[in-house]
1. Which is the longest run of chain B containing none of the GluC sites (Glu not before Pro) found in DSSP loop states (not H, G, I, E, B) with at most 15 other C-beta atoms within 10 Å?
2. Rg and Dmax of region B:246-300, Cα atoms, in Å?
3. Give the order of C:D52, B:D233, B:D30 when sorted by the count of other beta carbons within 10 angstrom, beginning with the fewest.
4. Mind jotting down the three principal axis lengths of region C:84-185 based on Cα atoms? Whole angstrom, largest first.
5. Please compute the modelled spin-label separation between A:S218 and D:A86, points set 7 Å along Cα→Cβ, answer in nm with one decimal.
6. If you split all Cα-Cα distances of the protein assembly as shown into 10 Å bins from zero, what percentages do you get per bin, shortest first?
7. Over the Cα atoms of chain A, how large are the radius of gyration and the largest Cα-Cα distance (Dmax), in Å?
8. With +1 on the Cβ of every Lys and Arg and -1 on the Cβ of every Asp and Glu, and nothing else charged, how large is the dipole of chain D about its Cα centre, in debye rounded to the nearest 20?
There are 4 protein chains.
Amino acid sequence: MKIGIIGLGRMGGNIARRLMRNGHETVVYDRSPETVKALAGEGAIGVNSLDDMKAKLDGQAIFWVMLPAGDPTDSTIETLAGMCAAGDIIIDGGNTFYKDDIKRAKHLAKKQIHYVDVGTSGGVWGLERGYCMMVGGEADVVKTLDPILEALAPGLGTIPRTPNRMEQEGEDPRAEKGYIHAGAAGAGHFVKMVHNGIEYGLMQAYAEGFDVLKGKNSESLPEDERYDLNLTDIAEVWRRGSVISSWLLDLCAQQLAKDMDLAQFTGRVADSGEGHWTVEAAMEEAVPAYVLTAALFSRYRSRVEHTYGDKLLSAMRFGFGGHVEMPQ
Amino acid sequence: MKIGIIGLGRMGGNIARRLMRNGHETVVYDRSPETVKALAGEGAIGVNSLDDMKAKLDGQAIFWVMLPAGDPTDSTIETLAGMCAAGDIIIDGGNTFYKDDIKRAKHLAKKQIHYVDVGTSGGVWGLERGYCMMVGGEADVVKTLDPILEALAPGLGTIPRTPNRMEQEGEDPRAEKGYIHAGAAGAGHFVKMVHNGIEYGLMQAYAEGFDVLKGKNSESLPEDERYDLNLTDIAEVWRRGSVISSWLLDLCAQQLAKDMDLAQFTGRVADSGEGHWTVEAAMEEAVPAYVLTAALFSRYRSRVEHTYGDKLLSAMRFGFGGHVEMPQ
Amino acid sequence: MKIGIIGLGRMGGNIARRLMRNGHETVVYDRSPETVKALAGEGAIGVNSLDDMKAKLDGQAIFWVMLPAGDPTDSTIETLAGMCAAGDIIIDGGNTFYKDDIKRAKHLAKKQIHYVDVGTSGGVWGLERGYCMMVGGEADVVKTLDPILEALAPGLGTIPRTPNRMEQEGEDPRAEKGYIHAGAAGAGHFVKMVHNGIEYGLMQAYAEGFDVLKGKNSESLPEDERYDLNLTDIAEVWRRGSVISSWLLDLCAQQLAKDMDLAQFTGRVADSGEGHWTVEAAMEEAVPAYVLTAALFSRYRSRVEHTYGDKLLSAMRFGFGGHVEMPQ
Amino acid sequence: MKIGIIGLGRMGGNIARRLMRNGHETVVYDRSPETVKALAGEGAIGVNSLDDMKAKLDGQAIFWVMLPAGDPTDSTIETLAGMCAAGDIIIDGGNTFYKDDIKRAKHLAKKQIHYVDVGTSGGVWGLERGYCMMVGGEADVVKTLDPILEALAPGLGTIPRTPNRMEQEGEDPRAEKGYIHAGAAGAGHFVKMVHNGIEYGLMQAYAEGFDVLKGKNSESLPEDERYDLNLTDIAEVWRRGSVISSWLLDLCAQQLAKDMDLAQFTGRVADSGEGHWTVEAAMEEAVPAYVLTAALFSRYRSRVEHTYGDKLLSAMRFGFGGHVEMPQ
């Protein structure tokens, strides 16, 4: 198939590459002409404007927008909407908030433009491993996109198959290939959002566990209860046959193998919105999400030296007991 | 009554003073002779050894040990045990772990020495306000101590009485005066321990709330959603008719009235053991104590700049997405 | 002063009464004519329509809307906006989300109508104790309302004054009387919202503490470490001189004095929006609010028998260890 | 090598089998003679007493005790200690608390008996996949056991190797084969304990995420924001290329493929001690372990219908606002 790709950053560029490797034609655009040129050198059809892209996508045009959520994606889709014909398909492969997808799909439907949201996991590894994709939109439109999605997805690969698949009603055979049609517009980004919420929780569980291992050599402990543990080895051994083996643990093992002290990292941890939105969704549904929320909050906390609240605790302690603070 | 008081620090000294004000005789000892002398100048009988104290406490000797938990208290009680006669009473007014009380009481019972544990709340304010006390030990021994406990307690005062008191079986009329016989040995310290666990939770609730108020002026927020709130006024107004008025809030208001920026505090917050023990008790009982635990953990977190776990999060993020850390 | 009050439920009715007691004239409306009639019998001017109310409020009309947040308040304010003259004042005394206040104030400002939001704490006790109020809006408009707010507020009363008040710049002398001008439109409801967020945290801290006390008699504990504690007495004694005394603890003591088993309560706990919004605000500011959030989640959890997540835990355990579930 | 195995339950039996498959000789004992007989039928040397086992283990005897932690393990090791010669090795492969290991090792060292603790992960899958093992004890004794441990471990298998392994000082080449010598006595069980603590956190992260997905079809949500998601497909697709793929997710996918409603599970989730101990260790080290603790508490909460604390919340709400509880 032929598809236009807008935004050739780390994700967009590799998506174009993986599609080309699988025999699809890509028309590519980026605000940086050099980036376009580079990808054209790898076989893509480079264009310097969205108008030009539309012109090169004859028939039912398919656009894959791979830009940061918010303004860049919004304004691009608005521009595309202005030039699209009825029946064209706009795909948002970024990290848009699913409620914005719902509004957008309604808005575009008035012009008979189809909107598809694709939540994409895989990061820098996707080019080789394939991308895990969660897709929202109209069923028949998603079906139209199957060749493209299948090319991007990891496929069955060597991962052992889950017994009992497809015995219940309503299961999607595409899941085993690495993508699903999750539901109506927004459903793809919603599932991806929860995926990231879980990711925060998993990461924090490992982080806290390794913290407990690391702290076991603390001088505040009785001497015969201290261990100077090799965290690099522990991460490695847990990859092999343990209940907590995972891809995130593989990453821990890789980083620890480079430097057990993780000295290149300061420990100020960013969060990208999905964790926050997952907690909002939990609250809207009245779902107790203690772990996902605590994981998010730990990132907030990692980015400040002291909170004002901590000072207020000290102030109260000073007030009721004349306690002097701990030395810095 | 006549009572020996061992340990004349902030708490012990004021306990002696409050007892003297209420007509009791105190025999006082501290490892610092100057401290003994000072209190003798206020009317106490000063002694320079525990033997001397025992000698001055004719008849059924009553000892109030007011020392740091652990070694100082342990060794002092061991020494007292060696000199006590059957029927003598040893009171531990410190912050001993209740399981140690249970062991101690059994040990002393073999020598027919009575052991009473008194959990004491009130801090530096107790001399004037009176001490809130939770007492563990044998019922008749606690009864013997009533004159002393009543003198230390706040009494009915001006605090409005709770309707419907004493209508259920088993209530203790002493509660309204500010002390209770909570149960067998250890029960006093156990109740005091949970009291402190709750205290951590309450303090953290205020701390987080004021953090949210403080953060409302952050430049990361849309300009028309920012407020530059006066936290001093807010603490004050909440003291007056609101649902969250409390003594801890009074302390917040006092500290904020001195300096809304709390600039003298660094925000490294100590914890004194009871919070930890409360969480242990919760785990032994399989009670979910999310809030009490999170309050404790926030104190731990306040004392380190970055955790190793935070660095591991950064390392994983670097691993899967090539994310660069946030600038410091 | 003369003021129109719309909505004569538990809160609105008592606000009218307290204003009348303090010499203000009230024009009252409720969708139930009986309620209007009843309050008219207590000295209010009853009206049967908002038009009639406007007519009876000669000069600069002041409306106090005391209705449930959302549609009832929205539509009433929209109606009032249609009939107000430039310079009139509309007060929302309910629990509106502060971002809605901001929008409303802008909208009304176009018609030169002043909008004031009043966050009100005090519940059913406000008539006698006075209401603690946090006010948002234009400074001079709030000043105009001072006589009314002062009448509603508790006033200095017998609560000890905080030392060092008014020594810092920008403090509001009204705070000691029980109300503050917190800032521009929405600031009143924002501060009240955080107040409720804190309230959830405080309540949960007490709840968990009493849970730990209650569980101390569990048969799963070693026999000599069990205590059968009298929770009624413990709540009472903590009211008297302890660090955790508070108005919420007074309520605990009152309820426990009626029935230590709390048998009339099932333990399904509602939440009213402010807790949720406080967590949202915390997330927008990147403030770690572990305790406030855990308190909210505990309410969610109290309202379901089992979560789907719990079942998934059981399913995983079955999967990796063949563990059979615990008997119900 | 020749080794005695005591306790032929799910774990012990399969450990014997896997050793035999790899050419080791096993002398096996269980309190059930039938179980001994069955395993003897598979090639093991069955014995009916520990004395008999000792007799059959000529030379340096090696005992692998695979019994429930606590009394069964304690008394068995005590019995073995009585019959062991200097130089013999006792291995505890169960879930003993590491502080008990430390005491035991000291105790046995007096008799020159070597003690080794092996934390074993792998559950019912270990026979085929191999066991991931974390070993504590003296370095040369663990070296002696290498043939046995290597036979039980998964080995390199098909799991991709971690780059940069063995470039830092002190790494253990055995980690890649699936076991490590973690440190002195107790270190094996300590690392396994933290492993389980992490496991709780990971499981709860998935549980909460799936709860949020499940709740997205709730009738309390606006109709156009609801999705009826297929959780079976979502678990499957996340196994394929996503950042959160893991062995625990594989188990979720397997269980969901059988029944998306998980109707056979009630959701009462047990905990086995390690989660509790991990939190204790975190507290001893002052490590904030929000997520691991919340995961543990969620299990506690899953096992009661309502907490007393929930009722107290309702009681307070009734007290301050006259709020009536939610209907059941």
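We did not get these values from a lab; they are worked out from the coordinates using the rules stated. What you are looking at is a predicted structure, and each value in this text was computed from that prediction instead of being measured. Cβ: placed from backbone, ideal geometry, glycine included. Neighbour counts: every protein chain shown.
1. Longest site-free region, per DSSP loop and neighbour criteria: B:43-166.
2. For region B:246-300, the Cα radius of gyration and maximum Cα-Cα distance read 14.7, 42 Å.
3. C:D52, B:D30, B:D233
4. 44, 35, 24
5. Result for the modelled spin labels: 4.0 nm.
6. Answer for the protein assembly as shown: a P(r) of 2, 8, 15, 18, 19, 16, 11, 6, 3, 1, 0 percent.
7. Here Rg and the maximum Cα pair distance are 23.9, 78 Å.
8. With Lys and Arg at +1 and Asp and Glu at -1, about 600 debye.
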